[in-house]
Each structure stands twice: as structure tokens, then as C-alpha cells.
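Undergrad: A single structure is presented below for examination.
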Amino acid sequence: VQKIDDLMLFKFTEQLGDRLQALLDKKKADTINPDEMLELETIGELDNIFSYINAVMAAQTNAAV
């Protein structure tokens, strides 16, 4: 969790962000293996969850103003 302006937002760690980029690069180069593809999909799901939570938190903060 990271504070940005007045919001506490869920963010990937630097290590997870780097891993995501490495997996995306492997996918683009068509060198990704099935286990890595599953890992990439899982990180993508986590990103969707974080985005949803952050949107809800931002909406609640804006509604309170």
C-alpha cells in the first residue's frame, strides 16, 4: 500500500513490477513457457483486483469531499 495524494493505494512492489515486465518480454518474444504464462495471468488478475480496489477507494474519498 502506498500513499498517493490523500489516497492509500495498492501498488505492485518494484520486484513484482520487474517480474511482470520480464514475463511480458518473454511472451512478446514467444519464449514463455506454460508455468510462466500461468504466472503472467495470475499477476494480471492481481492487477485487476488492485485496480478495482483503488477505484472504489478513490470513489469513496471523492464522495466524502
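The values are calculated or read from the model by the stated rules, or taken from the named source; none is laboratory data. Remember, it's a predicted structure, so these values are computed and weren't measured experimentally. Methodologically, a virtual Cβ is constructed for each residue, glycine included, from the backbone with ideal geometry; neighbour enumeration extends over all protein chains shown. In case anyone asks, the SASA skips ligands and DNA or RNA and just uses the protein heavy atoms, side chains included. Shrake-Rupley method; radii C 1.70, N 1.55, O 1.52, S 1.80 Å.
Undergrad: Okay, helix-only estimate at 222 nm for the chain: each DSSP H run of n ≥ 4 adds -39500 (n - 2.57), divide by all residues, round to 500 deg cm²/dmol; what do you get?
TA: Numbers: 2 runs with 46 residues, N = 65.
Result for the chain: -25000 deg cm²/dmol, rounded to the nearest 500.
Undergrad: Return the label of the correct value of mean projected area of the Cα convex hull in nm², as calculated from the structure shown, out of (i) 9.1; (ii) 4.8; (iii) 3.9.
TA: Given (i) 9.1; (ii) 4.8; (iii) 3.9, the structure-derived one carries the label (ii).
Undergrad: Starting from the amide H of Leu9, placed 1.01 Å from N in the peptide plane, find each other amide H under 5 Å away whose residue is 5 or more places distant or on another chain.
TA: Amide H to amide H, under 5 Å and 5 or more residues apart or across chains, Leu9 pairs with Gln2, Lys3, Ile4.
Undergrad: A further question follows. Just to make sure I understand: if all protein chains stay in place, what is the order of Lys3, Lys27 by accessible area at 1.4 Å, largest first? Provide the component values of the computation, followed by the final result.
TA: Numbers: Lys3 135, Lys27 105 Å².
So the residues, ranked largest to smallest area, are Lys3, Lys27.
Undergrad: Would you mind getting the accessible area per residue of the chain, heavy atoms of the protein chains only, 1.4 Å probe, in Å²? Before the final figure, lay out the partial values.
TA: Numbers: 5070 Å² over 65 residues.
I get 78 Å² per residue for the chain.
Undergrad: Under 18 Å Cα to Cα from Lys28, which aspartates and glutamates show up? Leave out anything in the same chain fewer than 8 places away.
TA: Qualifying aspartates and glutamates at Cα under 18 Å: Asp18, Glu36, Glu39, Glu41.
Undergrad: Can you tell me, using C-alpha contacts under 8 Å and at least 6 residues apart, the relative contact order of the chain as a whole percent? Let's see the in-between values first.
TA: On the way: 28 pairs, mean separation 23.3, N = 65.
Across the chain, relative contact order equals 36 percent.
Undergrad: Continuing with this model, one more query. Can you work out ³J(HN,Hα) from phi for every residue in segment 2-12, in order, using Karplus 6.51 cos²θ - 1.76 cosθ + 1.60 and θ = phi - 60°, giving whole Hz and x for Gly and Pro?
TA: In residue order, the calculated couplings are 9, 7, 10, 6, 9, 10, 9, 10, 7, 9, 5 Hz.
Undergrad: Turning to a different aspect of this structure: Using a 1.4 Å probe on the protein heavy atoms, what percent of the accessible area of the chain belongs to carbon and sulfur?
TA: Values: 2800 of 5070 Å².
Carbon-and-sulfur percentage of accessible area, whole number: 55.
Undergrad: Report, in debye and to the nearest 20, how large the dipole of segment 1-51 comes out about its Cα centre when Lys and Arg carry +1 and Asp and Glu carry -1 on their Cβ.
TA: That gives segment 1-51 a dipole magnitude of about 80 debye.
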